[in-house]
Amino acid sequence: MSIAPVGPVGPVLGSVTAPTGPAATSGGGGFAASLAGAVDDLQQLQSTSNQLAVQAVTGSLDDIHSATIAATRAQVTLEVAAALRNKGVDAFNEIMRMQA
């Protein structure tokens, strides 16, 4: 019995590349595009996890490890997204408390 090595984790919120083109020069457009891409990646991970979970329940999944790995990836990515959101809200609240 051989165990296949684990490949790259896939799209994660921290793997966003620097924007190019007109959005990069406008300042806020690149951040919005990066954030939208990260949310899309998170939704794709969750969708894949759900599909593999359904296959596991119905008995049509050959490798349970792929379902477990997909579920863990989706969970960790969601936790990172929640942590980033919390940090963003904390930063916003700190800015609002500053005196002009």
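We did not get these values from a lab; they are worked out from the coordinates using the rules stated. All of these numbers come straight from a predicted model, not from anything done at the bench. All Cβ positions, even for glycine, are placed from backbone atoms using ideal geometry, and neighbour counts span all protein chains on display.
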So which residues in region 32-53 are exposed (fewer than 13 other Cβ atoms within 10 Å of the Cβ) and either in contact with a Lys or Arg (Cβ under 8 Å, 6 or more places away or on another chain) or in contact (Cβ under 8 Å) with a residue 12 or more places away in the chain (or both), if there are any at all? V39
Tell me, please, whether a residue that is closer than 21 Å to G88 by Cβ and touching a residue at least 12 places away in the same chain (Cβ under 8 Å) can be found in region 58-73. no
Give me a count of the residues in region 73-100 that are of a type in the set (S, T, Y) and touching a Gly at 6+ places or on another chain (Cβ under 8 Å). 0
Name the single residue, out of those in region 44-65 being of a type in the set (G, A, S) and in a helix (DSSP H, G or I), that is farthest from T77 (Cα to Cα). A56
